[in-house]
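Presented below is the structure to which this report refers.
The values are calculated or read from the model by the stated rules, or taken from the named source; none is laboratory data. Just so it is clear, the model here is predicted, and its values are computed rather than measured. Ideal geometry is used to build each Cβ from the backbone, glycine not excepted, and the neighbour counts take in all protein chains shown.
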Amino acid sequence: MPPTLAFIHDTPAVRAVLRVGALSDVADEARRLGRRALLIADEAMKPRADEIAADLGDRLAGRIDEVIMHVPVEQARAAVAYARETGADMIVAIGGGSATGLAKAIAKELHLPIVAVPTTYAGSEMTPIWGLTEGDRKTTGRDLHVLPRTVVYDPVLTVGLPVSTSAASAMNAIAHCVEGMYSSAASPVTSLLAEEGVRALAAALPRVVADPTDLAARSEAQYGAWLAGWVLGTTGMGVHHKICHVLGGTYDLPHAPVHSAVIAYATAYNADYAPAAMARLAGALGAATAAQGIWDLARQIGAPTSLAAVGFRESDAEEAARLVTASAFANPRPVDPDSVRDLLIAACRGDRPPERVLPPQISDPSH
């Protein structure tokens, strides 16, 4: 007999616009939310930000054209002060996750609405999750004030991404779907969207890598990333995301490549504690097991499959495992320093995950 359904589903609204050429809609979307826009862009998107600035005209309150990975507290404080100085009443952020992250840091303090224009597949534009780094520690939290009110997806903006960036960023999105699928906060709707997100990304990514100018593939990848971000923002994450936050903040490792390098091994770690979720993920990937399907996809598209390849040393695994498990968090399989250390060592070595890791367990939040 299947388990009795029990869940809470609470979805804050975000307006999403996805089409080729949607960059031209950004100024109009900004006008829906405010009269004076603070424009934030990463270095790669400065020319596109110039186009938005021209469209905004006298509604442009100010610009920030430099963002830093993992959003250092010092930069966030300076940006908040600058936003106050300009009198901005809303924010437009164009670029990768760091541009969105800086916009969120301002919104967290000043409660300004955000129009996010993502150029990678990170998904943070669809979440109320903020993150700040101080020293070697990254702190994250949830606050509905940082959830963008509008997200504008233009596949053209992703064409200039190096293939390696596209691949790692999309594996980051897949990680959101994977952990959302087995989250204790999962609902039937989030599980459906997580499964569809994995399917869309797995179908699109090989085509994006084969022809980076394929706008149909780029559109499908952004669709998958939109779903992944939605899942990230409406469920809870587990050991994979905790590891990635620790490795990024403490060891200053690149965000998306770390997600790509860890996700297959985190999936294998949890596999026997969430069998129904794993079966659905494997089906979406067209693979025998979810962990192996994720690893094979990453290898196929040239995304990182080992932590050693992104700069993490196996000798730091024990220290990192202690940091990961220093505070409690939800995860299908219990965590402890020894088991997380072993996960990190496996991720450092980068071998294809085995078919089975542990005896099967009964508990599984996905059904």
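Structural remarks
- Of everything listed in (1) under 22 Å from P148 (Cα atoms); (2) modelled with pLDDT under 95, the single unmet condition for S187 is (1).
- Where A175 falls short, out of the listed (1) crowded, with 24+ Cβ neighbours inside 10 Å; (2) closer than 23 Å to I8 by Cα; (3) assigned by TED's automatic domain parsing to the domain that holds A27: (3)
- Each residue in the stretch 293-315 was checked for being of a type in the set (A, V, I, L, M) and under 13 Å from D351 (Cα atoms), and 5 of them qualify.
- Taking the stretch 107-121 as the range and being crowded, with 24+ Cβ neighbours inside 10 Å and either at pLDDT below 95 or in contact with a strand residue (DSSP E or B) (Cβ under 6 Å, 6 or more places away or on another chain) (or both) as the test, the residues that pass are A107, I114, V115, A116, V117, T119, T120, Y121.
Residues are listed down the side, and each one gets a yes or a no for (1) closer than 27 Å to A225 by Cα; (2) touching a His at 6+ places or on another chain (Cβ under 9 Å); (3) buried (at least 18 other Cβ atoms within 10 Å of the Cβ); (4) touching a residue at least 24 places away in the same chain (Cβ under 8 Å):
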{"site": "G62", "(1), (2), (3), (4)": "no, no, no, yes"}
{"site": "A79", "(1), (2), (3), (4)": "no, no, yes, yes"}
{"site": "A88", "(1), (2), (3), (4)": "no, no, yes, yes"}
{"site": "I91", "(1), (2), (3), (4)": "yes, no, yes, yes"}
{"site": "A99", "(1), (2), (3), (4)": "yes, no, yes, yes"}
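- Of all the listed residues (L161, L112, L157), the sole one being within 22 Å of R32 (Cβ to Cβ), in a loop (DSSP other than H, G, I, E, B) and more than 15 Å from the chain's Cα centre (by Cα) is L112.
- Selection from the stretch 230-265 of residues that are within 17 Å of R142 (Cβ to Cβ), small (G, A, S) and at pLDDT 95 or above: G238
- Yes/no for V151 being more than 22 Å from L285 (Cα to Cα), surrounded by 21 or more Cβ atoms within 10 Å (Cβ to Cβ), in contact with a helix residue (DSSP H, G or I) (Cβ under 6 Å, 6 or more places away or on another chain) and touching a residue at least 60 places away in the same chain (Cβ under 8 Å): yes
- Filtered residues of the stretch 249-307 (kept if among the charged types (D, E, K, R) and more than 21 Å from A186 (Cβ to Cβ)): D252, D296, R299
- Where helices (runs of 4 or more DSSP H) sit wholly within the stretch 237-338, those with at least 1 residues that are among the β-branched types (V, I, T) and either surrounded by 23 or more Cβ atoms within 10 Å (Cβ to Cβ) or not assigned by TED's automatic domain parsing to the domain that holds E134 (or both) occupy 239-251, 255-270, 290-301, 317-324.
- Within the stretch 169-189, tally of residues that are within 15 Å of the chain's Cα centre (by Cα) and within 12 Å of T234 (Cα to Cα): 5
- Residue list for the stretch 213-247, restricted to those being in contact with a Ser or Thr (Cβ under 8 Å, 6 or more places away or on another chain) and under 23 Å from S306 (Cβ atoms): M237, G238, H240, H245
- Just one of the numbered conditions (1) free of Cβ contacts under 8 Å to residues at least 60 places away in the same chain; (2) among the aliphatic types (A, V, I, L, M); (3) buried (at least 23 other Cβ atoms within 10 Å of the Cβ) is not true of V159: (3).
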